[in-house]
1. Give segment 161-195 a look and list any residue that's touching a residue at least 60 places away in the same chain (Cβ under 8 Å) and assigned to a loop (DSSP other than H, G, I, E, B), or say none.
2. For segment 60-79: of the residues being in a strand (DSSP E or B) and hydrophobic (A, V, I, L, M, F, W, C), which is farthest from the chain's Cα centre (by Cα)?
3. Would you call Ile190 under 19 Å from Met63 (Cβ atoms), at pLDDT below 95, of a type in the set (Val, Ile, Thr) and surrounded by 13 or more Cβ atoms within 10 Å (Cβ to Cβ)?
4. Looking at segment 38-58, can you tell me whether even one residue there is within 27 Å of Thr193 (Cβ to Cβ) and part of a helix (DSSP H, G or I)?
5. Which of the residues belonging to segment 118-148 are open to solvent by 60 Å² or more (accessible area, probe 1.4 Å), more than 17 Å from Asp195 (Cα to Cα) and outside any loop (DSSP other than H, G, I, E, B)?
6. For segment 156-172, name all the residues that are open to solvent by less than 60 Å² (accessible area, probe 1.4 Å) and at pLDDT 85 or above.
7. Filter segment 107-117 down to the residues that are in contact (Cβ under 8 Å) with a residue 12 or more places away in the chain and surrounded by fewer than 17 Cβ atoms within 10 Å (Cβ to Cβ) and list them by number.
Amino acid sequence: DLVDRGVKPGVIAVERGAGRSERPWNKAYSIDLLVEDLEQLRRAWGVPRIAVIGHSFGSVLAMEYGARYPDRVSHVVLAASVPDVQAAWEVQCLRLQRTDPPAYSRAVAAQKPGRSARCNMTGAYEGAQAGEMMTSFMFPNPATAQLLKAADEEGGLRNTGVVGDAIFSQGFLTYSFSRAADLRAPLLVITGTRDLQAVPEPQRVLVRSAQNGRMLGYEG
């Protein structure tokens, strides 16, 4: 019925090793591979162009795909995007300095030479506290986190950490998208104006750098 009314069909593609996607037997994970997986999907569908919507880490794949294959993308939409990890950390570090000075001092001591952010957020806390920090950034309302956890458990899903471990081991903590000028398709960046995790500031820089970008900010 939707197709009859002119609505184009869409597909949710979960990257290899995530959700219910198959786990590669050789543990082959990288941003380049995941981007190329998207191109293989487009070819399998037999369509000349696709609209790519990326959320969180998926925003990296959407950006990189749009820059690598500009003629094969009609639109790029990013939600809670991470175009520059160190720039996001800089904002988080300043917030941590105000809210928890001892944790900030630990994060500063943990930062590695040559990185642009003033601190290493992974050094702020250890163990369960580190997980609690991440959860509080993504879900300021704890009830939201519990709703998501319940939904995952009901669906039989859980975050194994395999993909994340692979990507982080390849230097993702210094990731910065450097090909904004190559994004020729219309770009829409959707952000929460008070997002504590995927902070808005680097996303604004991305929109200004892209050829045809705009930002939609939701208060709160």
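The values are calculated or read from the model by the stated rules, or taken from the named source; none is laboratory data. Quick caveat: nothing in here was measured; it's all calculated off a predicted structure. Neighbour counts are summed over all protein chains in view; Cβ atoms, including those assigned to glycine, are modelled from backbone coordinates with ideal geometry. For accessibility, only protein heavy atoms count, side chains too; no ligands or nucleic acids. Shrake-Rupley method; radii C 1.70, N 1.55, O 1.52, S 1.80 Å.
1. Gln170, Tyr175, Phe177, Arg179, Leu183, Arg184, Ala185, Pro186, Asp195
2. Taking the candidates together, the pick is Val73.
3. So Ile190 fails the test.
4. For segment 38-58, residues within 27 Å of Thr193 (Cβ to Cβ) and part of a helix (DSSP H, G or I): present.
5. Passing the criteria: Thr122, Gly127, Ala128, Gln129, Gln146, Leu147, Leu148.
6. Val163, Gly164, Ala166, Ile167, Gly171, Phe172 - these are the residues of segment 156-172 that are open to solvent by less than 60 Å² (accessible area, probe 1.4 Å) and at pLDDT 85 or above.
7. Ala109, Ala110, Arg115, Ser116
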